[in-house]
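Notes follow the structure.
The values are calculated or read from the model by the stated rules, or taken from the named source; none is laboratory data. Quantities reported herein were computed from a predicted structural model and do not represent experimental measurements. Positions of Cβ are generated from backbone atoms using ideal geometry, with glycine treated the same way; all protein chains shown enter the neighbour counts. Note: areas computed on protein heavy atoms with side chains; ligands, DNA, RNA excluded. Shrake-Rupley method; radii C 1.70, N 1.55, O 1.52, S 1.80 Å.
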Amino acid sequence: MCGSSGFALSAAQVDRRIKAVATVVMYDIARISAEGRQGSLTTEERGAVLDAIAEQRYADFEAHAPALTLRGTPIGFDENTDPVGREFGEFHSTPRGYHPNSITQFTLTSGMSLMNFPLLSKTEWISPRPILFVVGENAHSRYFSEDAYELAAEPKEFHVVPNAGHVDLYDRTDLIPFDNLEEFFSKNLA
């Protein structure tokens, strides 16, 4: 799910041992690093990010340890918090999904590699192995799956979970389409 779904799809492009792959509320981490959410990063902003990363690489070298980004998930949030941040915070920063090892951070310099290597540029290579894309109807990340679906060759399926957001499909067992996932893998791994 989430970023791991994007990485799983990327792995399936080149690892033919993967016989079938399903993504759940997929995030394309490389794309969001390079383009921002919904392609919102301007050329000037991207240049500033790359300049800052380049400077940070030397700072990390001198410090003998990499610096981390801010938490991708706010610990404190309220009705004024960015809706996406609040959705992630309500999961990762509460007992619902908090774990001390789940820091929701990257190194400050990892964005450079992610920006340089699009993860899903060879999605059509997965064919003829099947792909199932599962998205929440109201997921802010839905566009990642829709775009990857368009890139994918057949066989492919797209399943929309009604009334579900992105994080809902992490742990809301009443919404996760277990039957669809079981059917997909039973049919395609038999």
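Which whole-Hz couplings ³J(HN,Hα) result when phi for each residue of region 20-32 is put into the Karplus expression 6.51 cos²θ - 1.76 cosθ + 1.60, θ = phi - 60°, listed in order with x for Gly and Pro?
With coefficients 6.51, -1.76 and 1.60, one gets 7, 9, 10, 10, 10, 6, 5, 10, 9, 4, 5, 5, 5 Hz.
Mind checking Rg over Rh on region 123-179, alpha carbons, Kirkwood formula for Rh?
1.01
Send over a whole-number figure in Å² for the accessible area per residue of the chain, probe 1.4 Å.
56 Å²
Which of the trypsin sites (Lys or Arg not before Pro) found in region 57-100 are in a DSSP loop and have at most 16 neighbouring Cβ atoms, other than their own, within 10 Å?
Those satisfying the criteria are 71, 96.
If the cut-off is a Cα-Cα distance under 20 Å, which lysines reach residue 187, setting aside same-chain residues fewer than 8 apart in sequence?
19, 156
Compute the signed sum of charges (Lys and Arg +1, Asp and Glu -1) over the other residues within less than 11 Å, Cβ to Cβ, of residue 156.
Once positives and negatives cancel, what remains is -3.
Give the long-range amide H neighbours of residue 106: residues separated by 5 or more places, or on another chain, with amide H under 5 Å away, using H modelled in the peptide plane at 1.01 Å from N.
Result for residue 106 returns 69.
Given a Förster distance of 30 Å, report the FRET efficiency between residue 17 and residue 181 from their Cβ-Cβ distance, rounded to the nearest 0.05.
0.90
Per 5 Å bin, what is the whole-percent P(r) computed from every C-alpha pair distance within region 84-142?
Taking every Cα pair in region 84-142, the percentages come to 4, 12, 12, 15, 21, 20, 12, 4, 0.
Can you send over the carbon and sulfur percentage of the accessible area for the chain, probe radius 1.4 Å, protein chains only?
That fraction is 56 percent.
Longest segment of the chain with no GluC sites (Glu not before Pro) in a DSSP loop having at most 14 other Cβ atoms within 10 Å?
Within the chain, the longest run free of exposed GluC sites (Glu not before Pro) spans 1-78.
Mind pulling the per residue volume of the convex hull built on the Cα atoms of region 9-95? Å³ is fine.
Output value, Cα hull per residue: 192 Å³.
Give me the number: length gained by fully extending residue 94 to residue 37, i.e. 0.36 nm times residue separation minus the C-alpha to C-alpha distance, one decimal in nm.
Extra length available between residue 94 and residue 37 comes to 18.1 nm.
Convert each backbone phi in region 109-122 into a coupling constant with the Karplus relation 6.51 cos²θ - 1.76 cosθ + 1.60 (shift: θ = phi - 60°), then list the ³J(HN,Hα) values in order as whole Hz, x for Gly and Pro.
8, 5, x, 4, 5, 5, 5, 7, 10, x, 5, 10, 6, 10
What do you get for Rg/Rh over the chain if you use C-alpha atoms and the Kirkwood form of Rh?
Across the chain, the Cα-based Rg/Rh ratio is 0.99.
Order the following by accessible area, largest value first: 99, 64, 166. Probe radius 1.4 Å; ligands, DNA and RNA are ignored.
Descending order: 64, 99, 166.
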